[in-house]
1. Working only within segment 136-159, note down all residues that are at pLDDT below 95 and either assigned to a strand (DSSP E or B) or surrounded by fewer than 13 Cβ atoms within 10 Å (Cβ to Cβ) (or both).
2. I'd like the full set of residues that are part of a strand (DSSP E or B) and open to solvent by 50 Å² or more (accessible area, probe 1.4 Å), limited to segment 64-103.
3. Which residues, taken from segment 53-63, are hydrophobic (A, V, I, L, M, F, W, C) and buried (at least 22 other Cβ atoms within 10 Å of the Cβ)?
4. Among the residues of segment 104-134, write down those that are within 22 Å of Val17 (Cα to Cα), of a type in the set (A, V, I, L, M, F, W, C) and not in a loop (DSSP other than H, G, I, E, B).
5. On the given criteria, is His110 open to solvent by 80 Å² or more (accessible area, probe 1.4 Å) and not charged (D, E, K, R)?
6. Do any residues in segment 1-26 that are farther than 20 Å from His110 by Cβ have Cβ atoms under 6 Å from those of residues that are assigned to a helix (DSSP H, G or I), where the two are at least six apart or on different chains, and which pairs are they?
7. Regarding Leu177, is this residue assigned to a helix (DSSP H, G or I) and farther than 24 Å from Leu23 by Cα?
8. What tally of residues in segment 56-86 results from selecting those that are modelled with pLDDT of 95 or more and of a type in the set (Asp, Glu)?
Amino acid sequence: MKRYEVSGFGVMEYEEVASTNSLAEKLPLSELKDKQVILTWRQTQGRGQATNRWESAPGKNISMTVIFRPERLEAGKQFAVSMVIALGCLDFLSHYVEGERKISGILIEHRVAGAHIQSSLCGIGVNINQEQFLSDAPNPVSLFQLLGRELPLQEVLEELLECIGKRYEQIHRYAELENDFLRHM
């Protein structure tokens, strides 16, 4: 495992893991810092909603879990985390393409303590350089397929985390996030 900083996030990079969210769930809470990222270039059992799996060719895409531990975010406003992640991914992808095909996936799991969010594990998969998809997911596509060229993964990771970080600055401005979110629905 390698550790480094990218766009204000602490990254723990693993060559291969079954699932970044599953790994994050196993870590002690003391190791889950705010704006911590668990990243892998080879996720062998990526999880999606319910029993769905996330397909990702080794070394071609971004598979990561972003950990947020927002100060005093009420449990009733946990959707703010979903909006931060969704809008951050949208901000990133809109630099490259527009469209309604399956280019990324998000799986968020919250830990609640009393009336507040203790931590949020935000699993994110973004199809960057994958050339073909074998799963039965509806309309999967990658930036490579849409742009006709490969993108450098480390640069794309930095850009994505920068977009998510900018949205995370809005975490306690729920109405502002909600307005942006609804505008893009």
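1. Hits for segment 136-159 are Asp136, Pro138, Asn139, Pro140.
2. Glu74, Lys102
3. Selection gives Trp54, Ile62.
4. Answer for segment 104-134, where residues must be within 22 Å of Val17 (Cα to Cα), of a type in the set (A, V, I, L, M, F, W, C) and not in a loop (DSSP other than H, G, I, E, B): Ile106, Leu107, Ile108, Leu121, Cys122, Ile124, Val126.
5. no
6. Val6/Glu158; Val6/Leu161; Ser7/Glu158; Ser7/Leu161; Ser7/Glu162; Ser7/Gly165; Gly8/Gly165; Val17/Leu23
7. yes
8. Of the residues in that region, 1 qualify.
The values are calculated or read from the model by the stated rules, or taken from the named source; none is laboratory data. This one's a predicted model, so the numbers in the text were calculated from it and none came from an experiment. Cβ: placed from backbone, ideal geometry, glycine included. Neighbour counts: every protein chain shown. These area figures cover heavy atoms from the full protein model, side chains too; ligands, DNA and RNA do not enter into them. Shrake-Rupley method; radii C 1.70, N 1.55, O 1.52, S 1.80 Å.
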